[in-house]
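Just so it is clear, none of the values below were taken in a lab; they were calculated from the coordinates. Note that the structure is a prediction, hence the values are computed from the model and not measured. Cβ placement follows ideal geometry from the backbone for every residue including glycine, while neighbour counts extend to all protein chains displayed.
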Amino acid sequence: MTITRKPNLSKFTSMGVGGRPRDLHEPESFGELCELLAVLDDPFILGGGCNTIFPDGDFSRPVIRTKRLGKLHVEEDGRVYAEAGVRIDRIIRQTVTAGLRGLEQLAGIPGTVGGGTAMNAGNGPDACFSNYIKKLHVISPEEGSVETIDSKEVPWRYRNWGMNDTDAGGSGSWVVVAVEMELQPGDVSELRAEMKRYLRRKADNQPLNEASSGCMFKNPGAGPSAGKLIEGCGLKGLREGGAAVSGLHANFIVNGERQASSEDVKRLMDRVIEQVYEQTGCQLEPEVVFARDLAFV
């Protein structure tokens, strides 16, 4: 296990903002993770940091980062086993190379398997991570040990796996440590072409070269997407400190010059929510996770 004292959290998130936690723990086994959850006070579980925004200044909670849980097995019969720290792009490329169909539809999604499962990541409302998961290896808040559950036991939601009503980590939270999938065979050349099509579409329409947390708001259940609503309200380019609504994709807030603070991002999101509601009557819901400092709650 690796323990880092008061690291700069902005280096561990794709938005590039945030202060310093008490400690950053990186377990290398399920056993070490279970031990940490048993002894640490209200830890925050961090995956790839692509959907997480930490507050500025000191963060009183310890952080557990699952990056070192990185085992990935892709079998010829379509069975896939991936631990929480495996990058999503890695599992997609390996399954496509193995001629296994399904995950190519998720090409371009950043982050890790743990975070991708907990937020039910996807490309649009239909191509979601949960569609391909058969079993989950999780740590329950009651037992504190690893158990295996069927995907059918999980109350999957749009951009949320539905198992936690509380903040990531801490008391009362379930933690994903690995998933199992069963994929069907496909033609490798066709799968590669489909994967490239998704990647090209993202490159053409999203600010991939700027620091961001991806889509900031969930798409409403009906009607225009969050990005279309924000763009329709004339909010592209709106700024708050070093944070700005992307001119390429309005559902992205970018930290283009790496000068934004977490508070800049939060204030800009609040302004966008207010403006969209005033102009359209639609209440946008954040897709990103703001890590709460429980010392100030």
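Scanning segment 59-83 for residues that are farther than 19 Å from Ala291 by Cα and in contact (Cβ under 8 Å) with a residue 60 or more places away in the chain yields Arg68, Leu69, Lys71, Gly78, Arg79, Val80, Tyr81, Ala82, Glu83. Do the conditions hold for Asn164, that is, is it in contact with a strand residue (DSSP E or B) (Cβ under 6 Å, 6 or more places away or on another chain) and within 16 Å of Asn51 (Cβ to Cβ)? In short, no.
Residues satisfying the criterion are absent from segment 265-275 (criterion: farther than 21 Å from Phe54 by Cα, surrounded by 20 or more Cβ atoms within 10 Å (Cβ to Cβ) and within 18 Å of the chain's Cα centre (by Cα)). Within segment 282-293, not a single residue is in a helix (DSSP H, G or I) and either under 20 Å from Asn8 (Cβ atoms) or not acidic (Asp, Glu) (or both).
Scanning segment 1-50 for residues that are within 25 Å of Gly214 (Cβ to Cβ), surrounded by fewer than 16 Cβ atoms within 10 Å (Cβ to Cβ) and polar (S, T, N, Q) yields a total of 1. Taking Ser145, is it of a type in the set (Ser, Thr, Tyr) and out of contact with any Cys (no Cβ under 9 Å at 6 or more places or on another chain)? Taking the combined requirement at face value, the residue does not satisfy it.
Assessment of segment 259-281 against the conditions (over 27 Å from Pro62 (Cβ atoms), touching a residue at least 40 places away in the same chain (Cβ under 8 Å) and part of a loop (DSSP other than H, G, I, E, B)) yields no matching residue. Of the residues making up segment 1-30, those that are among the hydroxyl-bearing types (Ser, Thr, Tyr) and free of Cβ contacts under 8 Å to residues at least 60 places away in the same chain are Thr4, Ser10, Ser29. Of the residues making up segment 31-58, those that are touching a residue at least 40 places away in the same chain (Cβ under 8 Å) and closer than 19 Å to Val138 by Cα are Leu33, Cys34, Leu37, Ala38, Asp42, Pro43, Phe44, Ile45, Leu46, Gly47, Gly48.
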